[in-house]
Protein chains: 2
Amino acid sequence: MKPKGVIMVEQAVFRAIADPTRREIMGLLSTRDMNLNEIANNFDMTRPAVAKHLRVLRDGRLISVRQHGRERIHSLTPETLKTVADWLSYYDQFWDDKLSNLKRAVEADND
Amino acid sequence: MKPKGVIMVEQAVFRAIADPTRREIMGLLSTRDMNLNEIANNFDMTRPAVAKHLRVLRDGRLISVRQHGRERIHSLTPETLKTVADWLSYYDQFWDDKLSNLKRAVEADND
DNA sequence: TTGACATGAAACCTCTAGGTTTCGTATAAA
DNA sequence: TTTATACGAAACCTAGAGGTTTCATGTCAA
């Protein structure tokens, strides 16, 4: 029985990673933390547009923000991607039994 | 240098899995092949609506269809999810070094 | 051959995603 | 204390996503 909150968070993650711009932002933030302007400089769109993408990423818990003076520093919180990995792992059995079995074994070991 | 086709296919996959109804359809088809009516019976929406979702899943190469008389049998092609797994694997390093290293080792072994 | 069934296709509707421009405000710097 | 900077918020626009109803067509079954 999955509680509703879990479902909605899961959906927010899938929604967040669905957009190519947002995945690109994640790639940027995987190298270093950045404020809004730094992120926006990498795209051919206005700053408010990028800010909206960041909002969606935040809703999906894929990034976090800390205030630093007048800047807002964004950093990646990639642990949230485990949600996707968990979903994916169910389908692993269909395309790579060897790997998925091993992966499950390791995960069990980690608990 | 990723060719454009790859990018677009990748985007089609991410788009396909972004919708909860479509992920549920994938879950259904992971148990057995089904025709349109069988799939649609599991949802509180009209058959044409479900047919549209199937179209998106086909665009993302996540399902395939074969004609059988007047029916169209849909089956899951989960190998396509490797696209997502590959994308995810880059972020593995940030949340589980032990597992991701092992995973990479196994994948290299499989090539 | 006639009727029921499985589906595709098209026209339409509504809402939202993704973008823009404009303006206001807090902070830093001169 | 001005002035420039970094940003949020709001109003707006457009295309497309996700749904509906209606109708046409090929196939199976009686």
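The values are calculated or read from the model by the stated rules, or taken from the named source; none is laboratory data. Model, not experiment: these values are computed from the prediction. Cβ placement follows ideal geometry from the backbone for every residue including glycine, while neighbour counts extend to all protein chains displayed.
For B:Asp19, only one of the following conditions fails: (1) more than 12 Å from chain A (Cβ to nearest Cβ); (2) without any contact (Cβ under 8 Å) to a residue 40 or more places away in the chain; (3) within 16 Å of DNA strand C (Cβ to nearest atom). What is its number?
All conditions pass for B:Asp19, except number (1).
Tally time: how many residues in segment B:64-90 are of a type in the set (A, V, I, L, M), assigned to a strand (DSSP E or B) and more than 12 Å from DNA strand C (Cβ to nearest atom)?
1
Rundown of residues vs (1) farther than 17 Å from A:Ile17 by Cα; (2) surrounded by 14 or more Cβ atoms within 10 Å (Cβ to Cβ); (3) at pLDDT 95 or above, yes/no style:
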| residue | (1), (2), (3) |
| --- | --- |
| B:Arg22 | no, yes, yes |
| B:Ile25 | yes, yes, yes |
| B:Thr31 | yes, no, yes |
| B:Leu36 | yes, yes, yes |
| B:Leu54 | yes, yes, yes |
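Please work out which one of (1) touching an Asp or Glu at 6+ places or on another chain (Cβ under 8 Å); (2) among the small types (Gly, Ala, Ser); (3) modelled with pLDDT of 95 or more is the condition A:Gly60 fails and give its number.
Going through the list (1) touching an Asp or Glu at 6+ places or on another chain (Cβ under 8 Å); (2) among the small types (Gly, Ala, Ser); (3) modelled with pLDDT of 95 or more, A:Gly60 breaks only (1).
Are any residues in segment A:56-67 away from chain B (no Cβ under 14 Å) and either within 8 Å of DNA strand D (Cβ to nearest atom) or small (Gly, Ala, Ser) (or both), and if so, which ones?
Correct list: A:Val65 only.
Take segment A:1-20 and flag every residue that is at pLDDT below 95 and under 19 Å from A:Leu81 (Cβ atoms).
Selection gives A:Lys2, A:Gly5, A:Val6, A:Ile7, A:Met8, A:Val9, A:Glu10.
For the structure I just gave you, tell me whether A:Arg15 is touching a Gly at 6+ places or on another chain (Cβ under 8 Å) and of a type in the set (D, E, K, R). Write out each step before concluding.
Values: touching a Gly at 6+ places or on another chain (Cβ under 8 Å): yes; of a type in the set (D, E, K, R): yes.
Criteria met by A:Arg15.
Taking the stated definitions as given, is A:Ser89 modelled with pLDDT under 95, within 30 Å of B:Thr31 (Cα to Cα) and crowded, with 17+ Cβ neighbours inside 10 Å?
no
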